[in-house]
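A.B. asks: The structure under discussion is supplied below as structure tokens; questions concerning it will follow.
The numbers here are math on the coordinates, done by the rules we state, and not lab data. Just so you know, these numbers come straight off a predicted model, no measurement behind them. Every residue, glycine as well, gets a Cβ built from its backbone with ideal geometry; the counts of neighbours run over all protein chains shown.
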Amino acid sequence: MVDRVLVELMIVAINRLQAEILEREKSEQILRSIVEGTVAVTGVDFFRSLVRSLAQALDVRYAFISECMDAPPTRVRSFAFWQGNEFGEEFEYNLPGTPCELIISSNKYQCFPTQIQTLFPEEKDEFEAMEAQSYAGIPLLTSNGDLLGHLAVLDDQSMEPNERTQAILEIFAARAGAEMERLQIEKAVARLAEIGELAATIVHEVRNPLTTIMMGLNAFKKLQLTDRFQEYLNLSLDEADRLERLLSQILLYSRPQTLDRSQLELNGFITETLHTLQTMPVAAGKYLNFVANNSLLNILADRDKLKQVLINLVTNACEAVSIGETISISIHKSEDRRICISIHNGGTPIPADILPQLTKPFFTTKASGTGLGLAIVKRIVEAHDGELEIESGEGIGSIVRIQIPFLSELSSHNENFQ
């Protein structure tokens, strides 16, 4: 009797093991078929291939991918739709009253294995036309967790809510989300390029008449003017010069930050730049104290653009302090093979509400500023695969840090520039 029970238990265990093996093999086969169908394509072709492969692999009648048309999302549109044996026409619809609304609002996988016509009466006509009885879907997210749209499958039969279906949807939702995010970035870059071209055209159209105006104003300098009109002329020339600087910076900001990289040793480079800065009027009577690193630190950088960054940041620091005060510049290495260049001044702290806005284009606290200096600095630093940080507060003044990757280091003697 005991032997017979053991045999029956063994048979049950073997059958269960065989079922698990078959289930695993089927899952692997499904994943392989979807990967083979999508690995070599991108963009719209990727999404079309994905929904077709997904529907065929899961043996469902419909599969589609949507993107949100507004935020918070109330309406979506499809851009890849598989129905039966062919691609269907793309469509738009409102989210309220649909299973898609629950997917997007819950921000997680949902499955309605049967009777979706009853569960969602507002969509009954659409589901009846599709003969749809079941639905499963999952949101599509960016790498930061922001909502993009959703991926869904429907069938005219009941759909068992098993782990395999959920796992497959999760895997390919991640891949579809990454592709959607890539396309959005591509569009944004293309848009920026268009804006850059437009800015260059506007700068050119404004600069031509401005040059003529400045020639006329400079010609008036040869005349014997009364004090009142001389003041008007000086003011006009100052404003024309400011406009010229603004046009130049707009052009610089709007252009892509292409770099002419070469190997650069930071200690010597900063020492050389500070010698130039010390002769500028803004640094008169102020001390630039550079504590060089004990090692010779080599980086790959665009020499001219990195010099522009240092001049801008040290100039800002000089403007923040009084005669006789010191601006400290130092270098240190971080653990992740990055160099940190710090520029510290002990001037009046920057208010906390202003600090996050400093690198935004056209934001300035200076009466004669263009608001593009730090925005350009940030773009140059990021083009070097680096980061720009600004810290300010009572007791420390302000510290600007540039973090960039470095190549190598050699032993050196500590050197001060003052």
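A.B. asks: Taking Cα centroids, how far is segment 314-335 from segment 100-134 in Å?
C.D. replies: Using only Cα atoms to place each centre, the spacing works out to 62 Å.
A.B. asks: Would you list, by chain and number, the aspartates and glutamates whose Cα falls below 19 Å from the Cα of LYS187, excluding same-chain residues fewer than 8 positions away?
C.D. replies: By straight Cα distance, LYS187 reaches ASP45, GLU67, ASP70, ASP146, GLU179, GLU197.
A.B. asks: For LYS307, list the lysines whose Cα falls under 28 Å from its own Cα; do not include residues on the same chain fewer than 8 positions away.
C.D. replies: LYS286, LYS333, LYS360, LYS366, LYS378
A.B. asks: Something else now. Please list, in chain and number order, the residues 5+ apart from ASP156 or on another chain whose amide H is under 5 Å from its amide H, with Hs placed from the backbone.
C.D. replies: Those lying under 5 Å, H to H, from ASP156 are ARG61, GLN133.
A.B. asks: In addition: Fewest to most neighbouring Cβ within 10 Å: what's the order for TYR62, TYR232?
C.D. replies: Taking fewest neighbouring Cβ atoms as first place, the list is TYR232, TYR62.
A.B. asks: Test of understanding: ordering LYS307, LYS366, LYS333, LYS222 by Cβ neighbours within 10 Å, fewest first, what list do you get?
C.D. replies: Going from least to most buried by this count: LYS222, LYS366, LYS333, LYS307.
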